[in-house]
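Here's the structure we're looking at; comments come further down.
The values are calculated or read from the model by the stated rules, or taken from the named source; none is laboratory data. Note that the structure is a prediction, hence the values are computed from the model and not measured. Positions of Cβ are backbone-derived with ideal geometry, glycine not excepted, and every protein chain shown enters the neighbour counts.
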Amino acid sequence: MSEKTFVLHPVLKDKTGTGRSSQAELEEIKNLTAAIDLTVVAAETVLLNRPNAALYVGKGAAERIRDVIRENEITLAVVNASLSPVQQRNLEKLWNCKVIDRTALILEIFGDRARTKEGVLQVELAHLSYQRSRLVRGWTHLERQRGGKGFLGGPGETQIELDRRVITDNIVKLKKELEEVKRTRHLHRKARQRVPFPVVALVGYTNAGKSTLFNRLTNADVFARDMLFATLDPTMRLLKLPSGRQVILSDTVGFISDLPTELVAAFRATLEEVLEASLIVHVRDISHPDTMAQKADVENVLKALGVTKQVDQGLIEVLNKSDLMESQERSALQGAVSRQDKQVLISAMTGEGIPELLALLEKALSTGRLEISADIPVADGAALAYLYRVGEVLFRHDEDQICHVRVRLDPADASKFKNIFPQVVYA
């Protein structure tokens, strides 16, 4: 049986009116908690004028919650806020259970989901950076498979405080390992640039359906469930567009509101594919009541990562989960979307709108490309192969000795083609 958990969502009065409903925020933190197989027995929202220095919530509310925890035999409490070490310890003493805050919960989820070496290293680094300021003892009552790397460590984990010097030494070691992994990824990117295929990065709020769309487009088998943070490590696959042009599609970690600063820093390398992408595609859950607030959260994180120019110019928006909308609402939205040049309404689950999405990607990637007409000797297979590999062949007519083609190329590729194949005659 999974751990009985209480979820508390404190709301500061001066933070209301942010475009996000308190009920939706409560549901989100409950779903985050359930994402690591914890059983939410009770949950509530508490309105605050300001955080209490000792308990974050007021003493009366804290004592009332203590009774709920005691009555339901709850052994873990999740507080949807950033707690100080003092607040965390005081709540643990009062409630007589383990208490973790939003940052610790998200770190725990990341630790549970990370699969690649880089992902695991980044999670450990984020964990240690978070723990260094706290040095709190581990709790051994939760049966976790990971054996105690996170905040919910399993039996066998020793009950001693981590020494600050040991943590610092481990952080230095992890950073060196991460640099080595980053260098490897950099070599992989350079290899891809030599191919070269443009990279299309899927970004979006967690659980927006990116991985389902990724699987739909590439016939891949990426872990995709109706679960927050289902994907943590970037996955890349080759995608052939209707014209035959090939691109690399990248699935990335989902963003979330109030992303812990430890994670923005630790996962920057994971999001390097976004920074270097030829095209950033924002996948949105259009059926979610807070879809506009989620859009703002994603754009704010992207700006924090340094892609302000692309965000300001307007990203391609894939409005996903149309199958969850009422037919009348969906029809009205489809009419509005049809008047936009950077939006498409789809359902990654059913396949609705996928042809329109591929056409939109094709159009966006063709912006700024050059069209050239050339006469190439039929026997010159290398030149023709190059054009088919890196360009979009719009027209081809073969005669006995000459092949007439019209092709669309990136300016850099057009220049490279002229240098490599000087024998080609341009019409």
Need pairs with beta-carbon distance below 6 Å; first residue closer than 17 Å to residue 368 by Cβ and within region 401-416, second of a type in the set (A, V, I, L, M, F, W, C) and not in a strand (DSSP E or B); sequence gap 6+ or separate chains.
407/387; 413/390
What number of residues within region 49-94 are in a strand (DSSP E or B) and more than 19 Å from residue 131 (Cα to Cα)?
2
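Filter region 289-313 for residues that are without any contact (Cβ under 8 Å) to a residue 12 or more places away in the chain and of a type in the set (Lys, Arg); which is surrounded by the fewest Cβ atoms within 10 Å (Cβ to Cβ)? Before the answer, list the steps.
We begin by selecting, within region 289-313, every residue without any contact (Cβ under 8 Å) to a residue 12 or more places away in the chain; these are 291, 300, 303, 308-309, 312-313.
After this cut, where a residue has to be of a type in the set (Lys, Arg) as well, the list is 303, 309.
Working: 303: 14, 309: 8.
So the residue we want is 309.
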Can you tell me how many residues within region 393-419 are aromatic (Phe, Trp, Tyr) and surrounded by 13 or more Cβ atoms within 10 Å (Cβ to Cβ)?
1
Do the conditions hold for residue 61, that is, is it touching a residue at least 60 places away in the same chain (Cβ under 8 Å) and of a type in the set (Gly, Ala, Ser)?
no
What number goes with the only condition from (1) closer than 13 Å to residue 213 by Cα; (2) in contact (Cβ under 8 Å) with a residue 60 or more places away in the chain; (3) β-branched (Val, Ile, Thr) that residue 280 does not pass?
(1)
Among (1) part of a helix (DSSP H, G or I); (2) at pLDDT below 90; (3) surrounded by 14 or more Cβ atoms within 10 Å (Cβ to Cβ), where does residue 36 come up short?
(1)
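Against the condition of a type outside the set (S, T, N, Q) and surrounded by fewer than 19 Cβ atoms within 10 Å (Cβ to Cβ), how does residue 70 come out, does it pass? Give the derivation first.
Working: of a type outside the set (S, T, N, Q): yes; surrounded by fewer than 19 Cβ atoms within 10 Å (Cβ to Cβ): yes.
The answer is yes for residue 70.
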Output yes when any residue across region 331-343 is surrounded by fewer than 17 Cβ atoms within 10 Å (Cβ to Cβ) and on the phi > 0 side of the Ramachandran plot, and no when none is.
no
Against the definition (modelled with pLDDT of 80 or more and either within 30 Å of residue 56 (Cα to Cα) or outside any helix (DSSP H, G or I) (or both)), how does residue 105 come out, yes or no?
yes
Checked region 363-402 for anything within 33 Å of the chain's Cα centre (by Cα) and not aliphatic (A, V, I, L, M); matches are 363, 366, 367, 368, 369, 388, 389, 391, 392
Which numbered condition residue 385 misses (of (1) hydrophobic (A, V, I, L, M, F, W, C); (2) touching a residue at least 12 places away in the same chain (Cβ under 8 Å); (3) out of contact with any strand residue (DSSP E or B) (no Cβ under 9 Å at 6 or more places or on another chain)):
(2)
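Just to check your reading of the model, which residue among 355, 422 is out of contact with any strand residue (DSSP E or B) (no Cβ under 9 Å at 6 or more places or on another chain), surrounded by fewer than 19 Cβ atoms within 10 Å (Cβ to Cβ) and closer than 26 Å to residue 294 by Cα?
Unique residue meeting the criteria: 355.
Please find, within region 250-281, the residue that is modelled with the highest pLDDT out of those that are in a strand (DSSP E or B) and in contact with a Phe, Trp or Tyr (Cβ under 9 Å, 6 or more places away or on another chain).
Filtering region 250-281 down to residues in a strand (DSSP E or B) leaves 250-251, 255, 279-281.
Next cut, in contact with a Phe, Trp or Tyr (Cβ under 9 Å, 6 or more places away or on another chain) only: 250-251, 255.
Values: 250: 88, 251: 85, 255: 80.
Across region 250-281, the extreme among qualifying residues is 250.
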